[in-house]
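**Q** Just dropping this structure here.
The values are calculated or read from the model by the stated rules, or taken from the named source; none is laboratory data. Please read all numbers here as calculations on a predicted model, not as lab measurements. Glycine also receives a Cβ, built like all others from the backbone with ideal geometry; neighbour counts cover every protein chain displayed. Surface accessibility is based on the protein's heavy atoms, side chains included, excluding ligands, DNA and RNA. Shrake-Rupley method; radii C 1.70, N 1.55, O 1.52, S 1.80 Å.
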Amino acid sequence: MKPAYGVWGLILLLIIAHQDIWFWEDTTLVFGFLPIALAYHAGISLAAAFTWYLATQFCWPTDQEPSAQGKETP
Amino acid sequence: MPQLLIICGYLALLLILGLGASRLFRGTSQDYMLASHSIGPFLLLMSIFGTTMTAFALVGSTGEAFKEGVGVYGMLASSSGIIHSLCFFLLGVKVWKLGKKHGYRTQVQFFRDRLESRWIGAVLFPVLVGLVIPYLLIGVMASGTVINKVTAGTIRDGQVVGGTFEEGTFPQFLEQAKNPKSDEPASFTYGSQGGVPKPLASLAICGIVLIYVFLGGMRGTTWANTFQTLVFMVLGLVTFVVIAWRLGGQESFWASLQMASSSIPLEKLTRTHIPPEKFFTYMLVPLSVGMFPHLFQHWLTARSAESFKLPIFAHPLFIAIVWVPCVLIGAWATSDLISIPPPVAANPNAVLPFLVKQLAGPVLSGLLTAGILAAIMSSLDSQFLCLGTMFTEDVIRPLYGQRSLSDRQQLLIARLFIIGIVALTYALSLFEPRRVFTLGVWCFSGFSSLFPLIVAALYWPRLTKQGAYACILAAAGSWLWLFCASDFAAQANFTVNVPVPIAIDLDGYWQLMPVAAMIVCSTVTMILVSLLTRPPSQATVDRFFPKT
């Protein structure tokens, strides 16, 4: 299987995992201060960052134009 | 008074930054509007993030968490982390490539070419401007509220104590307001409360942003955005620590965090009041970034396609850094550790500035307010600039031709149009306020309903100009209809209820976000009309979908 398919699969998984009906009524405080609904979705954000990093590595389009000739900034 | 001085100092600093950027301005409309395609990964990340994180993200998310609980993060923040980056990846990079190749500066120019339709702008331009206005309104309203609340006094026994200004300093119409939940006459207690009156504060913010946008154009805006994004991220975290510590009142920060969170009422920790289907359809709201005109313009400023990589994967992280503290703060405000006075509780937009004012000292609260204003202004500036660019490129140039206007004339026209729109938005902000979050969701929903159009234009060769017109009209029509049905956003929890068998849902219906209905409307219309009309010419298909 090509890595790109795996990355798109992960993104689909993220979208499914986002619908966390299993924590709907859970009032647990993770580490004693972070409501689980918030902790779980903060985790989704971190997972999204990692998945999109993989996407830029394995799914990046190869037919892009060369850099522009404008003045460079950081 | 120290708060006001610090806020004024920060605004002066921004003006100096605008002046500095104007020295780098190359004097051409290309540089003014697109910074000559020279923006690298870091500045692109900061400007895109600063632009998408508005008053909605700070003031709105805290206010909404105060009303609805911690589920707010899942409804919009974590979904945005997935969807925004998806849009940057699938749309942004492709748009940049086409823009660089064909010299586009606005969305309408792209659609005009892709759809072989000279007049698509006549339909798309008013719709886009019409949707940007509520977006601007969020920033204008919130900036006035924030400055007012931080400089206002506190209410003791129905009297205002310790405000920056005495009652009578400003004319009555600026100082007095009505309690939206009662028929009592307008009063100082529900008005400026000794702070800078909201209309004056909003006007000052509009003026400052206009000046630095006019001075520096896109380059100045990008630098100001980067600076302001850093400011609001750092000061946002400081705000979180200060509020947690003071609210929890324990010796250690960790113990204070635990104390503050353990005091949140149980109903604010769960999502029992949010139907899962509504939560699911909330995920369609962040699709709006695919059609934000100001974001389209930021994409075009990129130096290369590679510049997009950092924004794509860092964006979800940045969202978490800003939203998690804001949502927690909003939930803490519902606890019995702090008493929220009725005028503040009646206006969720005021919750964050109220907490800052109450829990931080005067100097710190001035600095923290500067951070909140930074988030607001870093969106307003891009929107102002984009409006001017769109008017010049999509209205004036097609009407007067390519050579009849000099660069200087184009810039002047762009600036006059920006002033006109800002004046209109400011006038709207003087009417009865809406919840920033609710207004934001309506605005984003409108842009999301146009999302199928940009996707089809980039990935579906069979899209025809008739299909595009039908899509825009269906999106605008369904948005207007539903917006009216919600009493112009006065019904904060408005949903579209779709009947379903009781075996599926015991309520007998699904409560969906209006955006779902809008997207279905625009997509179905676009596909049907495109399939029923003549396909685009082979030349256009070859131009936009070259065989590799």
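**Q** Going by what's in this entry, would residue B:90 be described as open to solvent by 10 Å² or more (accessible area, probe 1.4 Å) and either at pLDDT 85 or above or not in a helix (DSSP H, G or I) (or both)?
**A** Answer is yes for this residue.
**Q** Report, by residue number, each residue of the stretch B:402-418 that is surrounded by 11 or more Cβ atoms within 10 Å (Cβ to Cβ) and assigned to a helix (DSSP H, G or I).
**A** Let us first name the residues in the stretch B:402-418 that are surrounded by 11 or more Cβ atoms within 10 Å (Cβ to Cβ), namely B:405, B:407, B:409-418.
B:407, B:409, B:410, B:411, B:412, B:413, B:414, B:415, B:416, B:417, B:418, listed by residue number.
**Q** Residue check, residue B:93 against (1) aliphatic (A, V, I, L, M); (2) in contact (Cβ under 8 Å) with a residue 60 or more places away in the chain; (3) out of contact with any Pro (no Cβ under 8 Å at 6 or more places or on another chain); (4) at the interface with chain A (Cβ under 9 Å from one of its Cβ atoms), all met but one. Which one?
**A** (3)
**Q** While we're looking at this one, here's another question. Looking only at residues in the stretch A:47-67 that are within 7 Å of another protein chain (Cβ to nearest Cβ) and part of a helix (DSSP H, G or I), which one is most open to solvent (accessible area, probe 1.4 Å)?
**A** Of everything passing the filter in the stretch A:47-67, A:53 is most open to solvent (accessible area, probe 1.4 Å).
**Q** Go through the stretch B:269-307 and give me each residue that's touching a helix residue (DSSP H, G or I) at 6+ places or on another chain (Cβ under 8 Å), under 30 Å from residue B:507 (Cα atoms) and assigned to a loop (DSSP other than H, G, I, E, B).
**A** B:270, B:271, B:273, B:274, B:283, B:284, listed by residue number.
**Q** Looking at B:262, B:256, which is the one that is free of Cβ contacts under 8 Å to residues at least 24 places away in the same chain and more than 8 Å from chain A (Cβ to nearest Cβ)?
**A** Working: B:262 fails: more than 8 Å from chain A (Cβ to nearest Cβ).
Criteria check complete, one pass: B:256.
**Q** Okay, next question. Any residue in the stretch B:461-474 that is more than 24 Å from residue B:547 (Cα to Cα) sitting within a Cβ distance under 8 Å of a residue that is among the aliphatic types (A, V, I, L, M) and outside any helix (DSSP H, G or I)? List the pairs, counting only those 6 or more apart or interchain.
**A** B:471/B:450; B:472/B:450
**Q** Just to be sure, is residue B:516 modelled with pLDDT under 90 and open to solvent by less than 20 Å² (accessible area, probe 1.4 Å)?
**A** No, not satisfied.
**Q** I've got another one for you. Which of (1) modelled with pLDDT of 85 or more; (2) buried (at least 21 other Cβ atoms within 10 Å of the Cβ); (3) of a type outside the set (Lys, Arg); (4) within 20 Å of the chain's Cα centre (by Cα) does residue B:213 not meet, given it meets every other one?
**A** So the condition that residue B:213 fails would be (1).
**Q** Also, I was wondering about something else. Could you grab me the full set of residues in the stretch B:442-470 that are under 20 Å from residue B:284 (Cα atoms) and open to solvent by 10 Å² or more (accessible area, probe 1.4 Å)?
**A** B:442, B:444, B:451, B:452, B:455, B:459 - these are the residues of the stretch B:442-470 that are under 20 Å from residue B:284 (Cα atoms) and open to solvent by 10 Å² or more (accessible area, probe 1.4 Å).
**Q** Which residues, counting only those in the stretch B:419-473, are more than 17 Å from residue B:87 (Cβ to Cβ) and not in a helix (DSSP H, G or I)?
**A** Of everything in the stretch B:419-473, those that are more than 17 Å from residue B:87 (Cβ to Cβ) and not in a helix (DSSP H, G or I) turn out to be B:430, B:431, B:432, B:433, B:434, B:435, B:461, B:462, B:463, B:464.
**Q** Let me spell it out: the conditions are (1) farther than 20 Å from residue B:150 by Cα; (2) crowded, with 18+ Cβ neighbours inside 10 Å, and residue B:427 meets all of them except one. Which number is the exception?
**A** (2)
**Q** What are the residues in the stretch B:61-87 that are surrounded by fewer than 24 Cβ atoms within 10 Å (Cβ to Cβ) and closer than 22 Å to residue B:262 by Cβ, if any?
**A** Listed by number, the residues that qualify are B:67, B:68.
**Q** Quick check: is even one residue across the stretch B:234-245 among the polar types (S, T, N, Q) and open to solvent by 60 Å² or more (accessible area, probe 1.4 Å)?
**A** No.
**Q** Give just the number: which of (1) assigned to a helix (DSSP H, G or I); (2) of a type outside the set (A, V, I, L, M, F, W, C); (3) under 22 Å from residue B:192 (Cα atoms); (4) open to solvent by 10 Å² or more (accessible area, probe 1.4 Å) does residue B:325 not satisfy?
**A** So the condition that residue B:325 fails would be (3).
**Q** Right, something else. With the requirement that a residue be open to solvent by 50 Å² or more (accessible area, probe 1.4 Å) and modelled with pLDDT under 90, what does the stretch B:471-496 give you?
**A** Within the stretch B:471-496, B:487, B:488, B:490, B:491, B:493 meet the criteria.
**Q** Mind checking which residues of the stretch A:14-45 are more than 7 Å from chain B (Cβ to nearest Cβ) and open to solvent by 50 Å² or more (accessible area, probe 1.4 Å)?
**A** A:16, A:22, A:28, A:31, A:40
**Q** Follow-up question, since we're still on this one. Of the residues B:110, B:170, only one is surrounded by 18 or more Cβ atoms within 10 Å (Cβ to Cβ) and of a type in the set (Phe, Trp, Tyr); which?
**A** None of the others qualify; the one that does is B:110.
**Q** Under 8 Å by Cβ, and 6 or more places apart or on different chains, what pairs join a residue from the stretch B:99-114 that is within 15 Å of residue B:298 (Cβ to Cβ) with one that is of a type in the set (Gly, Ala, Ser) and open to solvent by less than 30 Å² (accessible area, probe 1.4 Å)?
**A** Listed pairs, sorted by first residue: B:100/A:68; B:105/B:99; B:110/B:99; B:110/B:457.
**Q** Which one is farthest from the chain's Cα centre (by Cα) among residues in the stretch B:263-311 that are open to solvent by 10 Å² or more (accessible area, probe 1.4 Å) and among the aromatic types (Phe, Trp, Tyr)?
**A** Restricting to residues being open to solvent by 10 Å² or more (accessible area, probe 1.4 Å) and among the aromatic types (Phe, Trp, Tyr), the top hit is B:280.
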